[in-house]
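Okay, structure first, notes after.
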Amino acid sequence: MEIRPILSTVLRNPVGLILIGLQVALTLAIVVNALYIIDERLANLRIEAGVDEEHILTLNSAGFASDFETTLATIHRDLDYLRKRPGVVSAMATNTLPLTQSGWSTEVEAQEALDGRSIDTAIYFADETLVETLGLDLIAGRAFREAEVEPYSMDQELRSTAVIVSAAAALALYPEIDRPEQALGRLVWNGAENDRFSAEIVGIVDGVKAPWKGLSSDIFDHVVYVPKVPVIANFGIYAVRSEPGAFADLLQNIQPELAELDTQRVVMEPNAFPEIRERFLRGDRAMAGMLITVVVLLLLVNILGIVGLVSFWVTQRTRQIGTRRALGATRGNILAYFLVENALISAMGVAVGIVAALALNNWLVSAFGVDRLPWAFLVGGAAGLLVLGIAAACVPALRAAAIPPAIATRSV
Amino acid sequence: MLTMNNLSKVYRTHLVETHALREFSIHVEEGEFVAVTGPSGSGKTTFMNIAGLLEEHTGGSYELDGIEVSGLSDRRRSAIRNEKLGFIFQGFNLIPDLNLFDNVDVPLRYRGFNASERRRRIESALEQVGLASRRRHFPAELSGGQQQRVAIARALAGEPRILLADEPTGNLDSAMARAVMEILEGINAAGTTIIMVTHDPELAARARRNVHIIDGQVTDLSSSFAGTPVGAAVASA
Ligand SMILES: Nc1ncnc2c1ncn2[C@@H]1O[C@H](COP(=O)(O)OP(=O)(O)O)[C@@H](O)[C@H]1O
Ligand SMILES: [Mg+2]
């Protein structure tokens with residue numbers, strides 16, 4: 001292999017080296033970081049909400065009578081209807097569901113004192129049917145009892161005797177425990193400084209998600225259910241879980257049926273949970289899609305750049321190639337010459353690119369809180385780009401190998 | 001050493017057929033110095049290219065150093081060029097980005113010699129053409145005559161059986177041309193067969209044997225001096 005003479009030729013013509021080397025370096029730096037972000041976003045797409053996603057829908061209704069008692073009565077009548085309706089497993093009134101991007105959050109404490117030790121958590125309203133209605137994974141304790149569930153209006157405190165918390169919230173609240181079940185029976189505190197109140201943890205559910213991702217906190221996994229039926233001004237939100245096979249029918253018919261029960265209000269189109277999830281993932285999908293486009297374009301530019309420059313070199317060196325053939329080079333020798341030359345240039349570009357990729361990642365880490373680039377991405381990206389470069393160089397290199405030896409005497 | 005019998009070469013494009021060589025027969029003995037002359041377009045380069053396995057002939061037979069070359073694979077032809085043949089071109093054909101040492105090294109690398117063998121051959125070949133001290137220079141730093149001497153060194157380093165030179169002095173002034181000719185004569189004296197195309201009657205006269213090509217045929221065979229023991233060429237009927 002004629003590596004040394006090729007290397008000295010490359011170094012004598014630094015323009016090509018700089019052009020392709022820089023292009024490879026920049027491509028590597030950007031592509032590796034973009035791929036890493038894409039990978040994270042695609043991982044988000046596999047998020048599970050912790051509920052029976054395929055069979056849950058929500059219904060919003062507005063236009064209730066404005067007094068509390070009538071509204072509560074309407075909610076009970078609607079729930080009675082929903083629970084008896086064929087195809088419905090269970091239904092309850094709530095405020096919001098995981099991944100909806102809107103809901104309530106608060107800080108709760110493991111102790112009465114407000115000394116800064118607290119966690120951010122999402123607050124969900126639920127009744128005794130919580131576990132069946134959402135299909136939650138209750139890993140310890142019990143569901144709410146009917147007697148614990150109270151109506152709730154906006155002007156009240158969140159006081160209750162019992163709460164059900166997510167396993168992640170339990171572990172975050174009590175750093176001293178190592179299994180979430182150990183939080184059973186403990187107290188969760190809430191309320192203003194001079195008006196503290198607590199509730200006992202009666203159940204632990206696993207895997208359920210908050211309505212949104214916190215930017216800096218871990219709120220996404222922190223959930224506290226309170227046994228309340230929300231009576232919020234004049235609208236209500238129901239979560240309904242269907243039997244397998246009945247989902248499409250419910251989605252289509254439940255709205256007119258409920259509307260018919262009471263013509264004095266408006267029942268909105270139901271939201272299927274898969275759509276809620278889809279909306280939640282839209283940003284991640286868009287970001288991943290955009291970055292994939294950028295990566296593909298960059299790689300394409302890189303390929304075209306290499307094909308272009310190597311083609312130029314082949315044309316420029318036509319007579320030299322013929323001469324080499326006359327002096328005894330086989331077609332394989334000529335092919336190898338251009339592939340080795342390109343590999344050397346790409347390798348130098350990749351070396352610079354690794355440094356640039358780390359620098360870019362450093363900046364992304366400090367500016368956007370992106371995670372640190374794992375070595376596997378860097379090594380994989382570098383190897384991938386080398387292989388791509390050699391593959392791209394193959395096209396003009398094969399053309400070079402086909403140049404006939406007679407060119408040595410026929411061209412001037 | 002080299003025998004062509006009734007050889008023909010036809011170039012076909014979709015418009016025209018050019019019969020560059022017709023009923024072309026020639027025999028060159030080992031150790032001969034053959035000067036090939038003829039008008040422009042008569043087929044001299046075509047003959048040299050076929051003789052040097054740079055192109056394939058379209059008819060007849062061609063035997064080189066005991067090997068019938070018709071139908072040999074490209075790989076095999078490359079190997080024969082590398083081992084048995086040396087080329088000197090009108091335009092020198094040095095590789096501009098390689099220094100003299102690396103230029104002479106090119107065919108030796110294809111030969112697969114190890115580094116010390118290559119170094120030995122390169123140094124002795126450059127010595128022979130008087131350019132050993134310039135081995136780190138690049139072609140552009142040399143005069144035309146010097147460049148052609150490097151090309152001769154490159155052709156010599158592989159110790160070829162035949163040296164093929166197509167107008168080696170065509171781009172040189174007469175002083176440089178004579179210097180190159182002297183080197184070629186020295187090489188021939190040491191036993192290497194040489195076939196040289198030239199337009200220069202003075203140089204042609206210095207060769208042991210003259211072959212004249214007109215219109216793709218060997219029409220005139222003359223020896224510069226009669227009674228040469230190796231001038232037994234076969235003319236076409
Ligand atoms: N590749 C080619 N394709 C078509 N015709 C060619 C080709 N090479 C040479 N010829 C033709 O063959 C004839 C002989 O050319 P050449 O051997 O180069 O002549 P010379 O070297 O004596 O000047 C000319 O008519 C030339 O035009
Ligand atoms: Mg010619």
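For region A:1-113, taking the reciprocal of the average inverse distance between every pair of different Cα atoms yields a Kirkwood hydrodynamic radius of 21.6 Å. Here, P(r) means the percent of Cα pairs in each 10 Å bin from 0 to the largest distance; for region A:179-230 it is 19, 42, 37, 2. The dipole here belongs to the protein assembly as shown: it is taken about the Cα centre, uses +1 on the Cβ of Lys and Arg and -1 on the Cβ of Asp and Glu, and is about 4420 debye. The alpha-carbon atoms of region A:182-297, seen along their principal axes, cover 56, 51, 30 angstrom, with the largest extent given first. Among A:H55, A:H222, A:H76, the residue with the largest mean-square fluctuation in a Gaussian network model of chain A, with springs joining Cα atoms closer than 10 Å, is A:H76.
Calculation over all alpha carbon pairs of region A:103-230 in 5 angstrom steps from 0 returns a P(r) of 2, 11, 23, 26, 23, 12, 3, 0 percent. Shielding value for B:65-76 is 1, the average number of Cβ atoms from other chains within 10 Å of each residue's Cβ. For B:V36, the residues 5 or more places off, or on other chains, whose built amide H falls under 5 Å of its own are B:M196, B:V197, B:T198, B:V211.
With the convex hull drawn around the C-alpha atoms of the protein assembly as shown, the volume per residue stands at 236 Å³. Classification of region B:2-236 by its C-alpha gyration tensor yields a prolate form. The axis ratio a/c (a ≥ b ≥ c) is 1.5 or more, and a/b outweighs b/c. Take every Cα pair under 8 Å whose residues are at least 6 apart in sequence, average their separation, divide by the length of chain B, and the relative contact order is 30 percent. Between A:G135, A:G289, A:G380, the residue with the greatest mean-square fluctuation in the GNM of chain A (Cα pairs under 10 Å linked by springs) is A:G380.
Could you let me know the centre-to-centre spacing of region A:216-260 and region A:107-137, using Cα atoms, in angstrom? Cα centres, region A:216-260 to region A:107-137: 18 Å. For region B:2-236, the share of DSSP beta bridges that are antiparallel, to the nearest 5, is 55%. Between B:R22, B:R161, B:R75, the GNM of chain B built on Cα springs shorter than 10 angstrom shows B:R75 fluctuating the most. Computed about the Cα centre, the dipole magnitude for region A:228-339 is approximately 1540 debye when only Lys and Arg (+1) and Asp and Glu (-1) carry charge, each at its Cβ. For B:L7, nonlocal amide neighbours, meaning residues 5 or more places apart or on other chains whose placed amide H falls under 5 Å from its own, are B:F24, B:S25, B:S61.
Our summary of shape: the Cα atoms of region A:37-83 have principal axis extents of 51, 23, 13 Å, ordered from largest down, in whole angstrom. Between rounded, prolate and oblate, where does region B:71-120 land on the alpha carbon gyration tensor, with a ≥ b ≥ c its root eigenvalues, rounded for a/c under 1.5, else prolate if a/b exceeds b/c? It is oblate, given that a/c is not under 1.5 and a/b is not larger than b/c. Averaged over peptide A:399-409, the number of partner chain Cβ atoms lying within 10 Å of each residue's Cβ comes to 5. Once Rg and the Kirkwood radius are both taken over the C-alpha atoms of region A:85-141, their ratio Rg/Rh works out to 1.08.
Of the beta bridges in chain A, as assigned by DSSP with both residues counted there, near 70 percent are antiparallel.
Positive end of the dipole of region A:182-306 (Cβ unit charges, origin at the Cα centre): among A:V267, A:I219, A:G191, the Cα lying farthest that way belongs to A:I219. Taken over the alpha carbons of region A:337-403 as equal point scatterers, the Debye sum produces base-10 log I(q)/I(0) values at 0.16, 0.24 Å⁻¹ of -0.61, -0.96.
Centroid-to-centroid, using Cα positions, region A:46-106 and region A:1-20 are 70 Å apart. Over the protein assembly as shown, DSSP H runs of length four or greater, each weighted -39,500 (n - 2.57), average out per residue to a 222 nm ellipticity of -14500 deg cm²/dmol.
Since every read-out is calculated from the coordinates, none of them should be taken as a lab result. In this text the structure is predicted, and so the values were computed from the model without any measurement. Ideal geometry is used to build each Cβ from the backbone, glycine not excepted, and the neighbour counts take in all protein chains shown.
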